Amino acid sequence: MKKLSIGASALLSALFAAPSFANLPQLVATSTISGGDTAWMLTSTALVLFMTIPGLALFYAGMVRKKNVLSTLMQSFAICAMITVLWAVIGYSLAFMPGNPYIGGFDRIFLDGMLYLKDEAKLTVHPLAASIPEGVFMMFQMTFAIITPALIAGAFAERMKFSSMMVFMALWSLVVYVPVAHWVWAPGGWMFDHGVLDFAGGTVVHINAGIAGLVAALVLGKRVGYGREAMAPHNLVLTLVGASMLWVGWFGFNAGSAVAADGRAAMAMVATQVATGMAALAWMAAEWIAKGKPSVLGIVSGAVAGLVAITPAAGFVDAKGALAIGLISGLVCYWSATSLKHMLKYDDSLDAFGVHGVGGLIGAILTGVFAVKEIGGVEGSVMTQTVGALATAIYCAIVTFVLLKIIDAVMGLRVSEEEEREGLDVALHGERIE
Amino acid sequence: MKLVSAIIKPFKLDEVREALSAIGVQGITVTEVKGFGRQKGHTELYRGAEYVVDFLPKVKLEIAIANELLDQVVEAIESAARTGKIGDGKIFVMDLEQVVRIRTGETGADAV
């Protein structure tokens with residue numbers, strides 16, 4: 001494997017201002033890591049990967065029309081494969097290595113320097129997770145980098161070219177996800193240093209994906225026949241199965257973000273479950289009252305809204321705070337996924353913005369309201385949280401827009417009307433389910 | 001020979017089949033179809049998007065019979081399939097020009 005020469009590495013680092021060496025991974029004796037923490041984080045990583053494949057894949061696939069089910073599944077699966085490679089090659093380095101307040105450094109290109117040395121009994125650990133091998137930390141973060149672009153796909157379901165989607169996701173994850181992850185989660189990142197609280201990715205994952213989804217829905221335009229033709233979900237069984245996988249997997253997402261098998265992870269698990277149950281009930285109740293029947297699609301959407309909203313708060317709030325976050329997110333996301341969307345008439349097909357964007361925004365701000373100092377070690381600040389959320393939203397919106405416009409000019413974004421009518425499964429992938 | 005085609009409510013299928021068996025009809029083809037006449041559809045709601053579903057599931061029967069059985073068959077289907085509520089369906093009677101039993105090659109009345 002090729003390593004960057006010392007000279008090249010130094011030159012690149014110098015271009016980005018001197019990194020603080022305290023923020024670099026350290027080579028330590030294998031005896032210093034915690035077996036319990038490592039076991040839990042290995043498990044969490046698997047749980048979060050499971051959230052994308054097949055959790056999110058199924059959640060979305062059940063909601064589209066039958067002629068597009070395979071192409072929707074394909075999006076999640078292909079994004080998983082692609083982001084895996086990008087993250088290993090460059091994403092992890094630029095996100096989590098010290099650099100400057102806006103982007104990390106090149107210390108881990110191709111994961112060079114991330115070491116496990118059997119005979120010397122040494123391995124590297126990342127300063128954010130000193131009790132587990134760096135490889136596990138990198139992998140855990142990879143699963144977040146994977147699910148974020150996969151979420152965006154919900155906004156442009158049933159009409160985007162697969163090739164353009166892959167190009168867009170590759171660029172987006174490097175130019176939007178990686179910097180934002182660095183700002184919020186890496187020591188030295190400007191939001192990290194300003195005290196923006198985002199325990200497990202309410203801003204980095206959900207606001208990011210939700211805003212990108214909204215922009216994509218607006219740039220790509222509505223599906224052919226939207227508003228006139230029936231576009232009902234073709235199999236809500238898949239959607240419910242997917243949502244259930246998301247719920248269970250989210251324990252890896254939130255409780256795993258404690259990066260330890262400890263009391264904080266326990267509190268995060270409690271907060272996650274409580275908020276989600278409350279949000280599911282809240283959406284169900286709102287729909288029952290407003291429309292007369294509680295639907296399956298409604299209750300699972302409520303659960304997901306709660307999961308999203310509690311994500312930034314999970315390691316900072318207690319059960320009462322979690323209940324409040326669940327209740328508010330269940331009700332507000334019900335409104336944003338139904339009324340707001342129809343009022344403003346954009347075709348955010350699977351409510352990437354309505355649930356993830358709005359839920360993430362609510363969660364980020366409410367973290368400032370409900371953070372309990374004894375649990376998370378910090379007081380919340382609604383002002384700081386709002387600044388973090390807005391800065392991310394604005395940056396994401398602008399860059400997403402530019403990327404989409406460039407790709408549209410070079411290779412087009414949408415399939416032809418004929419392909420859209422025929423169905424993407426056959427048109428793009430040459431496959432169908434009967 | 002006649003071809004009797006009937007559109008009925010799906011849950012009436014067993015009753016109609018038994019009624020036809022009772023009068024000696026030995027063969028029947030069944031297809032699942034969708035349709036509407038004067039029966040209105042229902043509304044489905046998905047995250048705030050309302051869909052009026054016009055096409056309701058029905059079952060279509062096709063029976064090839066000798067002319068002599070026609071009145072009995074129509075009567076049997078009609079009374080077995082009727083609920084008295086809107087959407088009960090319709091019976092269509094068509095002239096059948098030729099029938100062939102594939103296994104034996106019999107034609108006409110012998111094949112019905």
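Quick rundown of the values:
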item	result
Matching residues in region B:8-61 - criterion: being within 23 Å of A:G62 (Cα to Cα) and either at pLDDT 90 or above or within 18 Å of the chain's Cα centre (by Cα) (or both)	B:K34, B:F55, B:L56, B:P57
Qualifying residue in region A:111-132 (condition: among the basic types (K, R) and either at pLDDT below 95 or part of a helix (DSSP H, G or I) (or both))	no
A:F316 being closer than 24 Å to A:E229 by Cβ and either charged (D, E, K, R) or away from chain B (no Cβ under 12 Å) (or both)	no
Meets criteria (away from chain A (no Cβ under 14 Å) and loosely packed, with under 12 Cβ neighbours inside 10 Å) for B:F36	no
From the options A:V358, A:V369, A:V399, A:V426, residue that is touching a helix residue (DSSP H, G or I) at 6+ places or on another chain (Cβ under 8 Å), assigned to a helix (DSSP H, G or I) and within 14 Å of chain B (Cβ to nearest Cβ)	A:V358
Single residue of A:E134, A:E158 found to be crowded, with 17+ Cβ neighbours inside 10 Å and on the phi > 0 side of the Ramachandran plot	A:E158
Segments classed as helices (runs of 4 or more DSSP H), wholly inside region A:135-243, with at least 3 members that are touching a residue at least 24 places away in the same chain (Cβ under 8 Å) and touching a Ser or Thr at 6+ places or on another chain (Cβ under 9 Å)	A:162-172, A:178-185, A:208-220
Residue count for region B:39-64, restricted to those that are in contact with a Leu (Cβ under 8 Å, 6 or more places away or on another chain), of a type outside the set (S, T, N, Q), away from chain A (no Cβ under 14 Å) and within 30 Å of A:T338 (Cβ to Cβ)	0
Odd one out for A:L350 among (1) within 14 Å of another protein chain (Cβ to nearest Cβ); (2) closer than 21 Å to A:A153 by Cβ; (3) part of a helix (DSSP H, G or I)	(3)
Failed item in (1) in contact with a strand residue (DSSP E or B) (Cβ under 9 Å, 6 or more places away or on another chain); (2) within 14 Å of another protein chain (Cβ to nearest Cβ); (3) surrounded by fewer than 20 Cβ atoms within 10 Å (Cβ to Cβ), with A:M231 passing the rest	(3)
Subset tally (residues that are within 25 Å of A:V175 (Cβ to Cβ) and under 27 Å from the mean Cα position of the chain (by Cα)) for region A:393-427	21
Condition check for A:G380: surrounded by 14 or more Cβ atoms within 10 Å (Cβ to Cβ), in a loop (DSSP other than H, G, I, E, B) and of a type outside the set (V, I, T)	yes
Unique residue being on the phi > 0 side of the Ramachandran plot and within 14 Å of chain B (Cβ to nearest Cβ) when the list is A:G225, A:G221	A:G225
Residue within region A:367-380 that is of a type in the set (S, T, N, Q), within 27 Å of A:V184 (Cα to Cα) and modelled with pLDDT of 95 or more present	yes
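The values are calculated or read from the model by the stated rules, or taken from the named source; none is laboratory data. Everything numeric in this text was worked out from a predicted model, so none of it was measured. Cβ coordinates were reconstructed from backbone atoms using ideal geometry, including for glycine residues, and neighbour counts include every protein chain displayed.
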